[in-house]
Amino acid sequence: MATINSRNFGTATGRLVKDPVTFTNGDGSKKIVVNLALRDNFKGKDGETGAQFVDFTAFVPKDAKGDVYSMMHEGDLVSITYELRNDNYTDSKGVQHFDVTLRITGVDLLEPKSVTEARLKARAKN
């Protein structure tokens, strides 16, 4: 089992804003971006609770078995565990970029399959 640095680790629970986006790399591995709507824990002046829309990134090796991301759809309630990663690089013009990525380490689907299937059927009708 992998060791988890508790100071570089988190859990986010929310609804998928859209289906996960998959980018296939030249070696057959995949980069997957998941966008979650995360409810704020305060109310605005209008009395409404807002939300933050946050991207999480996963990398799936070419020979990985089972793909939880293909079972995730817009509107699904999921819990994602993640770690912070630095994705620093220098571009072709010599400019350094310092990015922080929320790298997915685990996904839990929090709704029964029947709820997800009903949502997909309703979306197909519209």
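The values are calculated or read from the model by the stated rules, or taken from the named source; none is laboratory data. Please read these numbers as outputs of a predicted model, since none were measured by experiment. Quick reminder, even Gly has a Cβ in these numbers, built from the backbone with ideal geometry, and neighbours come from all protein chains shown. Protein only, heavy atoms only, side chains kept; ligands, DNA and RNA dropped before computing areas. Shrake-Rupley method; radii C 1.70, N 1.55, O 1.52, S 1.80 Å.
Can residue 12 be described as surrounded by 12 or more Cβ atoms within 10 Å (Cβ to Cβ) and farther than 19 Å from residue 87 by Cβ? So residue 12 fails the test. Screening the stretch 106-126 for residues that are open to solvent by less than 90 Å² (accessible area, probe 1.4 Å) and more than 23 Å from the chain's Cα centre (by Cα) and picking the one that is farthest from residue 31 (Cα to Cα) gives 122. Among the strands (runs of 3 or more DSSP E) confined to the stretch 8-55, the ones with at least 1 residues that are more than 19 Å from residue 73 (Cα to Cα) and of a type in the set (A, V, I, L, M, F, W, C) are located at 9-16, 30-43. Scanning the stretch 91-105 for residues that are assigned to a strand (DSSP E or B) and either within 16 Å of residue 54 (Cα to Cα) or open to solvent by 80 Å² or more (accessible area, probe 1.4 Å) (or both) turns up 96, 100, 101, 102, 103, 104, 105.
When the stretch 45-65 is examined, which residues are found to be within 18 Å of the chain's Cα centre (by Cα), free of Cβ contacts under 8 Å to residues at least 40 places away in the same chain and more than 17 Å from residue 24 (Cβ to Cβ)? Once the filter is applied, which keeps residues that are within 18 Å of the chain's Cα centre (by Cα), free of Cβ contacts under 8 Å to residues at least 40 places away in the same chain and more than 17 Å from residue 24 (Cβ to Cβ), the stretch 45-65 yields 51, 52, 53. The residue that is nearest to residue 107 (Cα to Cα), counting only those in the stretch 55-72 that are among the aliphatic types (A, V, I, L, M) and open to solvent by less than 80 Å² (accessible area, probe 1.4 Å), is 68. For the stretch 76-91, the set of residues classified as under 16 Å from residue 109 (Cβ atoms) and either at pLDDT below 90 or among the small types (Gly, Ala, Ser) (or both) consists of 79 only. Against the numbered list (1) in contact with a Ser or Thr (Cβ under 7 Å, 6 or more places away or on another chain); (2) under 17 Å from residue 37 (Cα atoms), residue 106 comes up short only at (2).
Restricting the first member to the stretch 110-124 and to residues that are without any contact (Cβ under 8 Å) to a residue 40 or more places away in the chain and closer than 22 Å to residue 80 by Cβ, and the second to residues that are surrounded by 12 or more Cβ atoms within 10 Å (Cβ to Cβ) and of a type outside the set (Gly, Ala, Ser), the beta-carbon pairs closer than 9 Å and six or more apart or on different chains are 111/76; 111/77; 111/78; 111/119; 113/71; 115/76; 115/77. For a quick check of your reading of the model, give me the residue pairs whose first member lies in the stretch 77-105 and is over 22 Å from residue 12 (Cβ atoms), whose second is loosely packed, with under 14 Cβ neighbours inside 10 Å and among the aromatic types (Phe, Trp, Tyr), with beta-carbon atoms closer than 7 Å and at least 6 apart or on different chains. From residues that are over 22 Å from residue 12 (Cβ atoms), the pairs are 88/98; 97/89.
Taken over the stretch 26-44, the criterion of being of a type outside the set (D, E, K, R), free of Cβ contacts under 8 Å to residues at least 24 places away in the same chain and open to solvent by less than 100 Å² (accessible area, probe 1.4 Å) is satisfied by 26, 35, 37, 44. The set of residues from the stretch 73-90 being exposed (fewer than 13 other Cβ atoms within 10 Å of the Cβ) and among the β-branched types (Val, Ile, Thr) comprises just one member, 90.
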